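Peer 1: Pasting in a structure now, in C-alpha cells, and then I'll have a few things to ask.
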Amino acid sequence: MSIAIALHLLSVIIWVGGMFFAYVALRPAAVEVLEPPQRLSLWVQTFRRFFTWVWAAVILLPATGYWMAFHVWHSMGNLPLYVNLMQGIGIVMILIYLHVFFAPYGRLKRAVANQDWPAGGKALSQIRMLVAVNTSLGLLIAIIASAGRYLG
C-alpha cells in the first residue's frame, strides 16, 4: 500500500505541478522574452520532455488509485463520494491530456517543423486553454483528496 500511495502522490505532483509551473511561470516568461519562432520551438521541446512524464502519470494514477481503492474498500461499490469524485475528475483530466497530445500538440510540432508560426500559435493557444482547465481540475482533486473524507 505504501508503494501505491507514494507512486500516486508523485504522479500527481509531477503532472499537476508541472502544469502549474508551465502555466503561471514559464508561459508568461516566454511571452516576455522570446519571439514567436523561439517561443513555439521552446514549447515543442518542453512538451516533448514533460509529456514523457505525463504518460507515466496517466498510467500510474489509475493503476495505483484502483489498487488503493480495492485494498481499502474491497469493491468499487463501496467507494465513498470523495473517491468517486477524484476518479471521475481524473478520467476527465486524462481524456483532456490525450486530446492535447494527439491533436493540438501534433499540430504544434508540425507547425514548428514547417515554420508556420501562425498555425503554431493557434495550436499553442488551444494547449494553453486545456492546460488551464486541467491544472484547475488537478488542484480541485488535491483539495478533494485532502478534505473529502472530512466532508459529510
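Coordinate-derived values only; no laboratory data. Values in this document were obtained by computation on a predicted structure and should not be read as measured data. Positions of Cβ are backbone-derived with ideal geometry, glycine not excepted, and every protein chain shown enters the neighbour counts.
Peer 1: Being of a type outside the set (D, E, K, R), more than 22 Å from residue 38 (Cβ to Cβ) and not in a helix (DSSP H, G or I), is that true of even one residue in the stretch 122-135?
Peer 2: no
Peer 1: Please find, within the stretch 70-101, the residue that is nearest to residue 145 (Cα to Cα) out of those that are hydroxyl-bearing (Ser, Thr, Tyr) and part of a helix (DSSP H, G or I). Don't jump to the end; show me each part of the working.
Peer 2: Pass one, the stretch 70-101, residues hydroxyl-bearing (Ser, Thr, Tyr): 75, 82, 97.
Filter once more, so that each one left must be part of a helix (DSSP H, G or I): 82, 97.
On the way: 82: 7, 97: 21 Å.
Among those residues, the one meeting the criterion is 82.
Peer 1: Just to be sure, is residue 12 without any contact (Cβ under 8 Å) to a residue 60 or more places away in the chain, β-branched (Val, Ile, Thr) and closer than 13 Å to residue 134 by Cβ?
Peer 2: On the way: without any contact (Cβ under 8 Å) to a residue 60 or more places away in the chain: no; β-branched (Val, Ile, Thr): yes; closer than 13 Å to residue 134 by Cβ: yes.
When the stated conditions are applied, residue 12 does not pass them.
Peer 1: Counting just the residues of the stretch 17-71 that are under 16 Å from the mean Cα position of the chain (by Cα) and among the hydroxyl-bearing types (Ser, Thr, Tyr), which one comes out nearest to residue 3 (Cα to Cα)?
Peer 2: This residue is 52.
Peer 1: In the stretch 20-53, what residues are free of Cβ contacts under 8 Å to residues at least 24 places away in the same chain and of a type in the set (Ser, Thr, Tyr)?
Peer 2: 52, the sole residue that qualifies.
Peer 1: Filter the stretch 11-53 down to residues that are touching a helix residue (DSSP H, G or I) at 6+ places or on another chain (Cβ under 8 Å) and over 27 Å from residue 118 (Cα atoms) and give me whichever is surrounded by the fewest Cβ atoms within 10 Å (Cβ to Cβ).
Peer 2: 53
Peer 1: Go through 103, 119 for me and flag whichever is out of contact with any strand residue (DSSP E or B) (no Cβ under 7 Å at 6 or more places or on another chain), buried (at least 16 other Cβ atoms within 10 Å of the Cβ) and hydrophobic (A, V, I, L, M, F, W, C). Walk me through how you get there before you give the answer.
Peer 2: Details: 103 fails: buried (at least 16 other Cβ atoms within 10 Å of the Cβ).
Only one candidate passes the filter, namely 119.
Peer 1: Something else: For residue 67, state whether it is surrounded by 16 or more Cβ atoms within 10 Å (Cβ to Cβ), touching a Gly at 6+ places or on another chain (Cβ under 9 Å) and either outside any helix (DSSP H, G or I) or in contact (Cβ under 8 Å) with a residue 24 or more places away in the chain (or both).
Peer 2: Working: surrounded by 16 or more Cβ atoms within 10 Å (Cβ to Cβ): yes; touching a Gly at 6+ places or on another chain (Cβ under 9 Å): no; either outside any helix (DSSP H, G or I) or in contact (Cβ under 8 Å) with a residue 24 or more places away in the chain (or both): yes.
When the stated conditions are applied, residue 67 does not pass them.
Peer 1: Is there any pair with a first residue in the stretch 95-122 that is over 24 Å from residue 62 (Cβ atoms) and a second that is of a type in the set (Lys, Arg) and surrounded by 15 or more Cβ atoms within 10 Å (Cβ to Cβ) whose Cβ atoms are under 7 Å apart and which are 6 or more apart or on different chains, and what are they?
Peer 2: As it stands, the answer is 119/107, since those pairs meet every condition given.
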